[in-house]
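Reviewing the structure listed below.
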Amino acid sequence: MAKVVRFYETGGPEVLKLEDIEVAAPSAGEVQIRLQAIGLNRAEVMYRSGQYVIDPQYPAILGYEGAGIIEAIGPDVTDFAPGDVVSIIPSFMFSEYGMYGELVNAPIHAVVKHPTNLSFAEAAASWMMFVTAFGALVEFGKLKAGETILIGAASSSVGLAAIQIANMLEAIPVALTRTSEKRDMLLKAGAAHVIATQEDNLIESVNNITNGKGARIVFDPVGGPEVSRMMKAMSAQGIFFQYGALDPRDITVSVMDILGKHLTLRGYELFEITTVPDRMARAKKFVSDGLSCGQLKPVIDRIFKLEDIAEAHRYMEANGQVGKIVVTL
């Protein structure tokens with residue numbers, strides 16, 4: 001028997017139940033992992049509350065990320081063995097697998113042997129944030145040394161990951177945040193510049209930073225009316241990656257900005273990387289190399305215990321964290 005988090009109706013954090021269940025042996029293409037840490041993601045909050053891209057199938061499981069030790073392997077698995085220390089990368093739906101539990105099965109395409117210099121908590125915090133940022137900045141954006149990138153919601157785990165990847169590539173990360181309250185923290189986290197969008201003139205600030213050229217890449221999970229100003233601060237041939245909708249209001253942009261500078265406004269999601277084998281392989285190598293050499297290091301905001309999973313969800317919904325929320329077992 002193992003403790004697993006499940007829920008039977010959508011709603012607030014209180015619908016999450018910690019239950020003892022018998023976990024089936026791993027099937028072909030699966031490994032069974034004794035988890036030591038779980039990384040929380042906003043998608044799990046949305047799924048639990050009925051706002052995700054799929055509806056829950058009850059009893060519903062959830063959880064995209066974790067790190068632990070392989071306890072058993074499926075009959076055809078050759079790349080992993082019991083005792084391997086591994087992490088799970090989000091690349092499946094909650095209707096298939098869920099990582100909120102002491103003992104879980106995971107598909108081998110989502111499993112990676114993480115660098116030995118990471119703790120379990122750090123490993124559980126790493127892969128979603130760095131692979132998400134990798135996909136936009138490196139795989140699709142081709143960010144180069146010396147280029148400027150605007151990073152929306154920069155104090156989020158993915159925002160902090162984007163700052164680190166930009167620095168790894170010797171680009172210029174400009175952190176966007178609503179007020180100057182987090183300015184010092186973001187500078188300490190590696191941002192070359194910080195713009196408080198409710199206090200500073202965004203377009204003027206970007207022009208000053210880039211000598212009037214503008215930023216070639218914008219990486220934003222917010223959306224809403226602010227997008228129009230960010231696009232005005234972009235350079236010719238710029239690409240805007242919208243990877244979230246924290247502000248659900250419609251995006252309105254100037255047609256002349258798009259035409260005049262040949263801009264691209266592109267929706268982007270992590271699964272574009274993690275469900276395509278060659279992209280996934282490149283992401284695993286890039287992130288693993290960065291973690292191994294220390295140029296990439298996850299920022300952990302707070303750690304909870306599994307029995308406090310509902311409180312961990314409440315904390316995430318309060319939107320006050322800087323970095324990743326982790327649950328340890």
* Selection count where residues are open to solvent by less than 10 Å² (accessible area, probe 1.4 Å), over 18 Å from residue 239 (Cα atoms) and of a type in the set (Phe, Trp, Tyr), scope segment 116-140 -> 2
* So which residues in segment 50-62 are of a type outside the set (Val, Ile, Thr) and buried (at least 17 other Cβ atoms within 10 Å of the Cβ), if there are any at all? -> 52, 56, 60, 62
* To do: Go through segment 141-177 residue by residue and tally those that are part of a loop (DSSP other than H, G, I, E, B) and open to solvent by less than 20 Å² (accessible area, probe 1.4 Å).
  => 6
* To do: Name every residue in segment 99-140 that is of a type in the set (A, V, I, L, M, F, W, C) and either free of Cβ contacts under 8 Å to residues at least 40 places away in the same chain or assigned to a strand (DSSP E or B) (or both), in order of residue number.
  => 103, 104, 106, 111, 112
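What do you reckon, is residue 14 in a helix (DSSP H, G or I) and either farther than 30 Å from residue 118 by Cα or in contact with a Lys or Arg (Cβ under 7 Å, 6 or more places away or on another chain) (or both)? Before you say what the answer is, go through the steps one by one.
Details: in a helix (DSSP H, G or I): yes; either farther than 30 Å from residue 118 by Cα or in contact with a Lys or Arg (Cβ under 7 Å, 6 or more places away or on another chain) (or both): yes.
So residue 14 fits the description; yes.
For residue 299, indicate whether it is β-branched (Val, Ile, Thr) and without any contact (Cβ under 8 Å) to a residue 40 or more places away in the chain. First the steps, then the outcome.
Working: β-branched (Val, Ile, Thr): yes; without any contact (Cβ under 8 Å) to a residue 40 or more places away in the chain: no.
Answer is no for this residue.
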* To do: Would you tally the residues in segment 24-48 being buried (at least 17 other Cβ atoms within 10 Å of the Cβ) and in a loop (DSSP other than H, G, I, E, B)?
  => 3
* **Test for residue 322: is it touching a residue at least 24 places away in the same chain (Cβ under 8 Å), under 17 Å from residue 37 (Cβ atoms) and buried (at least 17 other Cβ atoms within 10 Å of the Cβ)** => no
* Look at residue 65 and say whether it is acidic (Asp, Glu), buried (at least 23 other Cβ atoms within 10 Å of the Cβ) and either on the phi > 0 side of the Ramachandran plot or modelled with pLDDT of 95 or more (or both). => yes
* Asked: Of all the residues that make up segment 229-255, how many are assigned to a loop (DSSP other than H, G, I, E, B), among the β-branched types (Val, Ile, Thr) and surrounded by 14 or more Cβ atoms within 10 Å (Cβ to Cβ)?
  -> 2
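Out of all the residues in segment 257-278, which are part of a helix (DSSP H, G or I) and open to solvent by 70 Å² or more (accessible area, probe 1.4 Å)?
As a first pass, look at segment 257-278 and keep what is part of a helix (DSSP H, G or I): 257-261, 271-274, 277-278.
If the condition is that a residue be part of a helix (DSSP H, G or I) and open to solvent by 70 Å² or more (accessible area, probe 1.4 Å), then 259, 277, 278 are the ones that fit.
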* Exactly one of (1) outside any loop (DSSP other than H, G, I, E, B); (2) under 25 Å from residue 34 (Cα atoms); (3) in contact with a Leu (Cβ under 9 Å, 6 or more places away or on another chain) is unmet by residue 285. Its number? -> (3)
* Structure fact -> Scanning segment 193-228 residue by residue, those touching a strand residue (DSSP E or B) at 6+ places or on another chain (Cβ under 7 Å), surrounded by fewer than 22 Cβ atoms within 10 Å (Cβ to Cβ), in a helix (DSSP H, G or I) and without any contact (Cβ under 8 Å) to a residue 60 or more places away in the chain turn out to be 202, 205
* Is it fair to say residue 58 is assigned to a loop (DSSP other than H, G, I, E, B) and at pLDDT 95 or above? -> yes
* Asked: So which pairs qualify, if the first residue must be in segment 37-61 and closer than 15 Å to residue 270 by Cβ, the second must be of a type in the set (Asp, Glu), the Cβ gap must be under 6 Å, and the two must be at least 6 apart or on different chains?
  -> 39/65
* Asked: How many of the residues making up segment 279-294 are in contact (Cβ under 8 Å) with a residue 60 or more places away in the chain and either among the charged types (D, E, K, R) or surrounded by 14 or more Cβ atoms within 10 Å (Cβ to Cβ) (or both)?
  -> 11
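The values are calculated or read from the model by the stated rules, or taken from the named source; none is laboratory data. Nothing here was measured: the structure is a model prediction, and the numbers come from that model. Note that each Cβ is placed from the backbone with ideal geometry, even for glycine, and that neighbours are counted across all protein chains shown. Only protein heavy atoms, including side chains, enter the accessible area calculation; ligands, DNA and RNA are left aside. Shrake-Rupley method; radii C 1.70, N 1.55, O 1.52, S 1.80 Å.
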